[in-house]
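A quick write-up on the structure given underneath.
The values are calculated or read from the model by the stated rules, or taken from the named source; none is laboratory data. Everything numeric here is computed off the predicted structure, so don't read it as measured data. The area values use the complete protein model at the heavy-atom level, side chains included, leaving out ligands, DNA and RNA. Shrake-Rupley method; radii C 1.70, N 1.55, O 1.52, S 1.80 Å.
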Amino acid sequence: QLQASGGGLVQAGGSLRLSCTVSGSTVSRNDMGWYRQAPGQERDLVATITRVGNTNYADSVKGRFTISRDNAKNTVYLQMNSLKPEDTAVYFCYSDRFWGRKWGQGTQVTVSS
(Lines give C-alpha, C1' and ligand atoms only; values in the text may rest on other atoms or scores of the structure.)
Protein backbone atom coordinates (compact mmCIF):
# COMPACT_ATOMS: atom_id res chain seq x y z
CA GLN A 1 0.00 0.00 0.00
CA LEU A 2 1.16 3.52 -0.80
CA GLN A 3 0.03 6.40 1.41
CA ALA A 4 0.58 9.87 -0.03
CA SER A 5 0.40 12.97 2.13
CA GLY A 6 1.67 16.52 2.41
CA GLY A 7 -0.49 18.35 -0.07
CA GLY A 8 -2.19 21.62 0.70
CA LEU A 9 -2.70 25.24 -0.26
CA VAL A 10 0.35 27.43 -0.70
CA GLN A 11 1.11 30.79 -2.26
CA ALA A 12 3.19 31.08 -5.39
CA GLY A 13 6.87 30.92 -4.51
CA GLY A 14 6.21 28.72 -1.51
CA SER A 15 7.22 25.15 -0.77
CA LEU A 16 5.61 21.84 0.08
CA ARG A 17 6.99 18.38 0.74
CA LEU A 18 4.97 15.38 -0.34
CA SER A 19 5.50 12.00 1.28
CA CYS A 20 4.71 8.54 -0.04
CA THR A 21 4.97 5.90 2.67
CA VAL A 22 5.03 2.29 1.57
CA SER A 23 3.76 -0.74 3.43
CA GLY A 24 4.06 -4.31 2.29
CA SER A 25 7.16 -3.63 0.24
CA THR A 26 10.52 -1.87 0.45
CA VAL A 27 11.15 1.43 -1.29
CA SER A 28 14.75 0.56 -2.09
CA ARG A 29 13.68 -2.47 -4.11
CA ASN A 30 11.40 -0.66 -6.53
CA ASP A 31 11.51 2.17 -9.00
CA MET A 32 9.16 4.84 -7.71
CA GLY A 33 7.96 8.28 -8.64
CA TRP A 34 5.30 10.93 -8.78
CA TYR A 35 2.75 11.92 -11.39
CA ARG A 36 0.32 14.80 -11.29
CA GLN A 37 -3.03 15.45 -12.88
CA ALA A 38 -4.64 18.84 -13.26
CA PRO A 39 -8.40 19.15 -13.88
CA GLY A 40 -9.31 18.14 -17.41
CA GLN A 41 -5.76 17.08 -18.22
CA GLU A 42 -3.86 13.83 -18.51
CA ARG A 43 -1.70 12.45 -15.75
CA ASP A 44 1.85 13.65 -16.33
CA LEU A 45 5.12 12.33 -14.98
CA VAL A 46 6.81 14.66 -12.49
CA ALA A 47 9.81 12.81 -11.07
CA THR A 48 11.23 9.31 -10.72
CA ILE A 49 13.78 7.56 -8.54
CA THR A 50 15.17 4.15 -9.42
CA ARG A 51 16.12 1.33 -7.10
CA VAL A 52 19.74 2.44 -7.29
CA GLY A 53 18.85 6.05 -6.63
CA ASN A 54 18.99 7.61 -10.07
CA THR A 55 16.52 10.47 -10.46
CA ASN A 56 14.76 12.06 -13.39
CA TYR A 57 12.48 15.08 -13.67
CA ALA A 58 10.00 16.62 -16.03
CA ASP A 59 11.44 19.72 -17.69
CA SER A 60 8.76 21.86 -16.07
CA VAL A 61 9.97 21.06 -12.54
CA LYS A 62 13.75 20.73 -13.01
CA GLY A 63 15.63 22.88 -10.55
CA ARG A 64 12.55 23.34 -8.36
CA PHE A 65 11.52 19.83 -7.31
CA THR A 66 13.64 17.14 -5.69
CA ILE A 67 12.72 13.50 -5.28
CA SER A 68 14.41 11.54 -2.53
CA ARG A 69 14.07 8.37 -0.52
CA ASP A 70 14.45 7.45 3.15
CA ASN A 71 14.96 3.70 3.34
CA ALA A 72 14.66 3.64 7.12
CA LYS A 73 11.22 5.25 6.95
CA ASN A 74 10.27 3.37 3.77
CA THR A 75 9.18 6.68 2.31
CA VAL A 76 9.75 8.59 -0.90
CA TYR A 77 9.57 12.38 -0.81
CA LEU A 78 8.93 15.12 -3.33
CA GLN A 79 10.30 18.45 -2.17
CA MET A 80 8.64 21.20 -4.17
CA ASN A 81 10.12 24.70 -4.06
CA SER A 82 9.33 27.90 -5.94
CA LEU A 83 5.84 26.64 -6.58
CA LYS A 84 3.82 28.15 -9.41
CA PRO A 85 0.06 28.22 -10.00
CA GLU A 86 0.57 25.81 -12.89
CA ASP A 87 1.83 23.23 -10.39
CA THR A 88 -1.71 22.95 -9.07
CA ALA A 89 -2.83 19.34 -9.45
CA VAL A 90 -3.52 16.10 -7.68
CA TYR A 91 -0.20 14.36 -7.11
CA PHE A 92 0.04 10.57 -7.19
CA CYS A 93 2.95 8.39 -6.14
CA TYR A 94 3.61 5.01 -7.66
CA SER A 95 5.80 1.97 -7.18
CA ASP A 96 6.79 -0.39 -9.96
CA ARG A 97 6.54 -4.04 -8.90
CA PHE A 98 7.33 -7.21 -10.83
CA TRP A 99 3.61 -7.59 -11.62
CA GLY A 100 2.97 -3.99 -12.60
CA ARG A 101 2.52 -0.50 -11.19
CA LYS A 102 1.02 0.19 -7.79
CA TRP A 103 -0.58 3.60 -7.27
CA GLY A 104 -1.19 5.53 -4.12
CA GLN A 105 -4.17 7.78 -3.55
CA GLY A 106 -3.70 11.34 -4.70
CA THR A 107 -2.89 14.38 -2.62
CA GLN A 108 -4.11 17.80 -3.72
CA VAL A 109 -1.63 20.61 -4.23
CA THR A 110 -3.07 24.07 -4.84
CA VAL A 111 -0.83 27.05 -5.57
CA SER A 112 -2.46 30.46 -5.40
CA SER A 113 -1.15 33.44 -7.35
Residue of Q37, Q11, Q79 that the Gaussian network model of the chain assigns the largest fluctuation, springs spanning Cα pairs under 10 Å: Q11
Translational diffusion of region 72-113, µm² s⁻¹ [Kirkwood Rh, Cα pairs; Stokes-Einstein; 4 °C; 1.567 mPa s]: 105
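Determine the share of the chain's accessible area contributed by carbon and sulfur atoms, expressed in whole percent, with a 1.4 angstrom probe.
About 45 percent, which is the carbon plus sulfur part of the accessible surface.
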The chain, accessible area per residue, ligands and nucleic acids excluded (1.4 Å, Å²): 53
Region 5-53 - convex hull of alpha carbons, volume per residue in Å³: 112
Listed residues D31, D59, D96, most fluctuating in the chain (Gaussian network, C-alpha, under 10 Å): D59
Dimensionless Rg ratio for the chain, taking C-alpha atoms and the 2.2 N^0.38 Å reference: 0.99
Reach of K73 by Cα under 24 Å, taken over lysines that are not fewer than 8 positions away in the same chain: K102
Mean-position separation - Cα centroids, region 8-43 and region 63-101, in angstrom: 4
Integer Hz, Karplus 6.51/-1.76/1.60 couplings in order for region 17-32, x for Gly and Pro: 10, 8, 10, 10, 9, 9, 10, x, 7, 10, 4, 6, 9, 9, 5, 9
For the chain, built as a Gaussian network whose Cα springs stay under 10 Å, the top-fluctuating residue of S68, S15, S23: S23
